[in-house]
Amino acid sequence: MIKPFRVPCVAVTAALLAATLMSGVVYAQQKVLKFIPQADLRILDPIATTAYITRNHGYMVYDTLFAMDEKFQVKPQMIDKWEISTDRLTYTFTLRDGLKFHDGQPVRSADCIASIDRWSKRDALGQKLAEATENWSAVSDKTFRLKLKKPFPLALEALAKPSSNVPFIMPERIAKTDAFKNIEDATGSGPFKMVKEEWVPGSKVVYVKNTDYVPRKEAPSWASGGKVVKVDRVEWIYIPDSATAAAALNAGEADIWEQLPPDLIPVLAKNKDITVKNIDLLGSMGMIRFNFLQPPFNNQKMRQALLYMVNQQDYVIGIAGDPKNGYPCMSYFTCGTPLSSEVGAEPLKGKRDLEKAKQLVKESGYKGEKIVIIDATDQPIVHAQSLLTLEMLKKIGLNAEIQAGDWGTLITRRSVKEPVEKGGWSIFHTWLVGPDMVNPAVNFPIRGTGEKAWFGWPTDPVMEELREAWFNAPDAASSKKAAEAVQRRAFEFVPIIPTGRFILPTAYRSNISGLIIAPINLLWNVEKK
Amino acid sequence: MRRLGATIVVMAVVAFVVFSLLYLTPGDPAAILAGDAATDDDIRRIRAKLGLDEPFFVRFGGWVWALLHGDLGTSIFTNLPVTRLIGQRIEPTVALTMCTLVISIAIAVPLGVIAAAKVGTWVDRAVMAFSVLGFSVPVFVLAYVLIGTFSITLEWLPVQGYRPLRDGVWEWFRHLVLPSTALGTVYIALIARITRASMLDVLSQDYVRTAQAKGLSSRAVLLRHALKNAAVPIVTVIGIGIALLIGGAIVTETVFAIPGIGRLTVDAILRRDYPIIQGVILLFSGVYVLVNLAVDMSYMYFDPRIRY
């Protein structure tokens with residue numbers, strides 16, 4: 001017999017057990033996609049940071065006015081129709097029917113204008129568009145207008161920018177936040193809703209299907225076309241240890257691993273239940289960046305000397321482990337895209353010329369100044385490049401050393417403009433994804449705006465003029481020609497040295513299909529059987 | 001009460017030292033937040049928004065004032081309150097620590113007692129050999145071996161992750177077995193060695209001989225007389241173990257992708273997320289001090305001669 005005072009205990013236990021079992025049943029009925037992302041999501045604001053993981057989060061929860069397809073054509077996304085005046089100074093946009101934010105509010109012109117305004121305060125291409133803009137105005141809740149001061153042929157390309165910073169559309173109340181303040185509200189109108197209560201930074205991000213989302217009818221192509229969600233719930237599970245991530249995928253605890261480290265490709269390729277595939281066909285570009293304010297790389301001949309020494313194949317192997325995971329790319333613009341070419345690339349091509357490099361070093365008047373390569377050992381791509389560059393510099397007798405730290409230290413130290421003896425630096429390495437280097441508008445490392453330029457602060461008015469000429473190119477042929485002039489100048493001035501393209505493939509289980517081939521892992525259209 | 005007063009002073013000193021060290025450490029959360037493509041100007045403006053350009057005493061004063069109001073601040077990156085982040089992480093770490101301790105004590109103390117009772121025999125040598133092995137094998141190597149065997153080959157246990165108790169006791173336990181075993185091995189080795197050494201010391205005392213001469217069974221002598229008197233060094237090591245486990249579970253948490261306090265701390269350090277680092281270190285120092293206090297108090301139970 002159960003004693004009376006035990007009855008509540010039994011009831012509570014039974015209720016808890018039932019609740020536990022019921023929650024299991026609910027999850028079992030749902031299609032849950034478990035995705036191992038490339039990094040941990042820490043920042044929710046895709047305008048406040050250029051971090052790729054935050055951009056990817058942005059694609060989950062937000063939508064864009066336009067989007068680029070796999071043929072680099074601008075396609076409407078939230079926009080239903082648009083008109084451009086004959087003088088090309090007025091653009092009138094009309095939103096699609098049925099667009100709603102996750103809080104149930106309709107997407108209005110005011111939301112779009114506020115979002116573009118905030119984006120254009122942070123993004124380089126957005127700033128360029130803002131320079132050419134007279135004003136944005138709402139004609140009605142669904143129609144708005146962009147009035148330009150002068151024709152800006154890249155207006156639609158800017159609104160369809162695929163990589164950081166992407167002009168995502170947010171509710172006006174959020175988009176009014178200062179562009180330098182990190183927003184915390186992830187309300188968008190995209191195909192997924194973030195479940196913020198279940199977000200455990202450093203471990204898990206949960207998204208559910210936005211059942212109010214109205215996808216376009218077209219087939220998906222990059223971030224354009226129909227964003228049809230085919231699962232109920234997506235869990236981003238951040239696993240910091242790559243061996244554990246591989247084991248989790250092998251054991252079926254995860255469905256997709258976004259970026260596979262090169263050493264684990266053969267391990268996972270052995271499993272017949274797992275497919276290893278290059279989703280991002282554009283890959284990423286490694287690069288050597290110089291400090292233009294301090295000797296010896298304030299001297300153009302010193303930078304040119306390194307062009308004759310860099311062997312991109314070595315860097316590809318160093319970064320990606322196997323020549324199959326990358327390829328040399330003798331262009332300042334993403335190989336395989338319309339503006340890429342080998343114009344001016346002679347110093348970087350062919351047999352490496354040590355004697356020529358030594359001669360240029362001699363002509364530069366190098367006096368044995370210490371060269372400091374700042375390295376981040378917690379970033380394998382940066383670390384591999386640093387070691388290779390050090391080896392290369394030592395080969396021609398330069399006084400070079402690596403000063404290692406973590407990524408946090410590197411990106412703080414690279415803002416120091418002092419000589420190396422006072423905490424400065426000479427070289428750092430990083431990488432950019434393909435869409436961030438496709439043209440002179442987004443390719444920020446080539447800019448020569450001195451103090452306003454990216455770290456290293458090169459001053460190159462010639463480059464700025466050539467870049468401006470590219471912006472004003474009226475058609476594709478003249479745009480290509482202008483881009484070639486930009487590249488020729490880049491190989492002369494050497495703002496960076498491209499160290500080759502590498503691809504980190506995606507691995508997924510055999511019950512997964514519909515992954516979109518794109519430079520970003522997009523999770524709509526993905527099906528789990 | 002005097003000890004508790006000292007605890008507050010210790011934590012105040014820790015708070016000041018930690019804040020000062022972070023202030024002096026190279027690294028700029030604004031630069032990390034802005035991303036790789038940001039310019040100097042972007043970073044300067046973000047730094048101003050975050051108040052990171054204010055003088056040391058203004059920032060320290062603001063932090064202490066908020067702390068006195070029970071506010072540990074907000075993460076620079078996630079914009080979430082530090083108390084919420086710690087709250088999310090405390091359960092996995094406490095569960096892992098407690099599970100590891102229970103497994104360690106349950107295995108190590110009997111092993112140490114048996115080794116002492118059978119000193120010089122093959123049993124003693126086997127226990128000591130296991131102990132050396134436990135010290136020598138790095139946690140991550142053992143973790144991979146366990147994952148390979150029990151998760152991949154046998155498919156008995158999950159590879160990674162943590163399930164809270166509310167998801168069910170079985171799921172919770174299944175996710176803790178491998179991490180606790182991997183983490184516990186070194187503590188089993190340590191506690192077994194200390195137990196053996198301490199027991200050997202006690203077993204040579206006159207009162208043990210007297211107990212044996214009175215005709216008490218070996219079991220009663222070992223467990224009722226010797227073990228209780230050998231407990232002071234064992235409890236000290238266990239106490240240190242608790243403190244070390246809470247902060248030192250980082251490797252285990254990383255390999256098994258457990259969202260615990262250790263990983264929260266390391267991630268925060270790598271990103272220079274100052275409010276989290278300060279909050280967690282303050283928590284650690286509190287736990288260390290309290291565990292030491294509890295250990296000191298337990299001495300009075302095990303050895304009534306000890307008085308404070």
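Please treat every number below as a calculation from the coordinates, not as lab data. Since we're looking at a predicted model, the values are computed, not measured. Using ideal geometry, Cβ is built from the backbone for each residue, glycine included, and neighbour counts are taken over all protein chains shown.
As a rough guide to protection, the peptides A:60-67, A:381-388 ranked by mean Cβ packing within 10 Å, highest first, stand as A:60-67, A:381-388. In straight-distance terms, cross-link reach from A:Lys121 covers every one of the aspartates and glutamates whose alpha-carbon lies under 13 Å from its own, apart from those fewer than eight places away in the same chain; here that gives A:Glu131, A:Asp178, B:Asp41, B:Asp42. Computed from the C-beta positions of B:Phe302 and B:Leu21 and an R0 of 51 Å, the FRET efficiency is 0.85 to the nearest 0.05. Each of B:Arg209, A:Arg489, B:Arg219 has some number of other Cβ atoms within 10 Å of its Cβ, and from fewest to most they run B:Arg219, B:Arg209, A:Arg489. Of the residues B:Thr185, B:Thr149, B:Thr78, the one with the fewest other Cβ atoms within 10 Å heads the list, and the complete ranking is B:Thr149, B:Thr78, B:Thr185. Taking the Cα centre of the protein assembly as shown as origin and assigning +1 to Lys and Arg Cβ atoms and -1 to Asp and Glu Cβ atoms, the resulting dipole is close to 1440 debye.
Shielding by partners for peptide A:36-44, expressed as the average number of C-beta atoms from other protein chains within 10 Å of each residue's C-beta, is 4. With the simple model of a label 7 Å out from the Cα in the direction of the Cβ, B:Arg219 to B:Ile90 spans 4.2 nm. The trypsin sites (Lys or Arg not before Pro) of the stretch A:297-404 meeting both criteria, a DSSP state outside H, G, I, E and B (loop) and at most 13 other C-beta atoms within 10 angstrom of the site's C-beta, are A:Lys349, A:Lys351, A:Lys367.
Do any chymotrypsin sites (Phe, Trp or Tyr not before Pro) in the stretch B:116-223 lie in a loop, going by DSSP, with at most 16 other beta-carbon atoms within 10 Å of their beta carbon, and if so which? Passing sites in the stretch B:116-223 are B:Trp156.
Rank A:Trp136, A:Leu148, A:Ala160 by how far each Cα sits towards the positive end of the charge dipole of the stretch A:122-202 (+1 on Lys, Arg Cβ; -1 on Asp, Glu Cβ) and give me just the farthest. Farthest towards the positive end: A:Leu148. Neighbouring Cβ atoms from other chains, within 10 Å of the Cβ of residues in B:290-303, number 0 on average.
Shielding by partners for peptide A:237-248, expressed as the average number of C-beta atoms from other protein chains within 10 Å of each residue's C-beta, is 6. The charge dipole of the stretch A:211-280, taken about its Cα centre with unit charges on the Cβ atoms of Lys, Arg (+1), Asp and Glu (-1) only, comes to about 360 debye. Here A:Lys422 is the anchor, and the lysines within straight C-alpha reach of less than 27 Å, apart from those fewer than 8 places off in the same chain, are A:Lys301, A:Lys362, A:Lys367, A:Lys370, A:Lys394, A:Lys395, A:Lys452. Considering only A:Gly190, B:Ile191, A:Leu65, and ranking their Cα positions along the charge dipole of the protein assembly as shown that arises from unit charges at the beta-carbon of Lys, Arg, Asp and Glu, the one farthest toward the positive end is B:Ile191. Pairs from the table (A:Lys277/A:Lys351; A:Lys277/A:Lys529; A:Lys31/A:Lys176) lying more than 25 angstrom apart at Cα are A:Lys277/A:Lys351; A:Lys31/A:Lys176. Over the protein assembly as shown, the Kirkwood radius and the radius of gyration, each from Cα atoms, give a ratio Rg/Rh of 1.02.
Summed over qualifying helices (DSSP H, 4 residues or more, each -39500 (n - 2.57)) and divided by its residue number, chain A shows a 222 nm mean residue ellipticity of -9000 deg cm²/dmol. Residue exposure proxy: A:Phe502, B:Phe284, ordered by other Cβ atoms within 10 angstrom of their Cβ from fewest to most, comes out as B:Phe284, A:Phe502. A helix-only calculation puts chain B at -24000 deg cm²/dmol for mean residue ellipticity at 222 nm, using -39500 (n - 2.57) for each DSSP H run of at least four residues, averaged over all residues. Simple rule: put +1 on each Lys or Arg Cβ and -1 on each Asp or Glu Cβ in the stretch A:217-272, find the dipole, and look at A:Ala247, A:Trp257, A:Gly225; the Cα lying farthest toward the positive end is A:Gly225.
Based on alpha-carbon centroids, what's the gap between the stretch B:51-104 and the stretch B:121-162 in Å, whole number please? The stretch B:51-104 and the stretch B:121-162 have Cα centres spaced 33 Å from each other.
Given +1 at the Cβ of Lys and Arg, -1 at the Cβ of Asp and Glu and no other charges, the dipole of chain B around its Cα centre is 1260 debye to the nearest 20.
For chain A, the longest principal axis of the Cα atoms and the long axis of helix A:354-364 meet at an angle of about 70 degrees. The distance from the alpha carbon centre of the stretch A:454-529 to that of the stretch B:253-308 is 47 Å, rounded to a whole number. From the alpha carbon centroid of the stretch A:406-433 to that of the stretch A:320-349 is 25 Å. Listed by chain and number, the lysines whose alpha-carbon sits under 22 Å from that of A:Lys480, ignoring those within fewer than 8 places in the same chain, are A:Lys71, A:Lys75, A:Lys128, A:Lys150, A:Lys161, A:Lys349. Shown for chain B are the DSSP H helices of 30 Å or more along their axis, judged by Cα atoms, with a mean Kyte-Doolittle hydropathy of at least -1.0: B:2-24, B:82-117, B:169-203, B:274-302.
Of all DSSP-defined beta bridges confined to the protein assembly as shown, some 80% are antiparallel rather than parallel.
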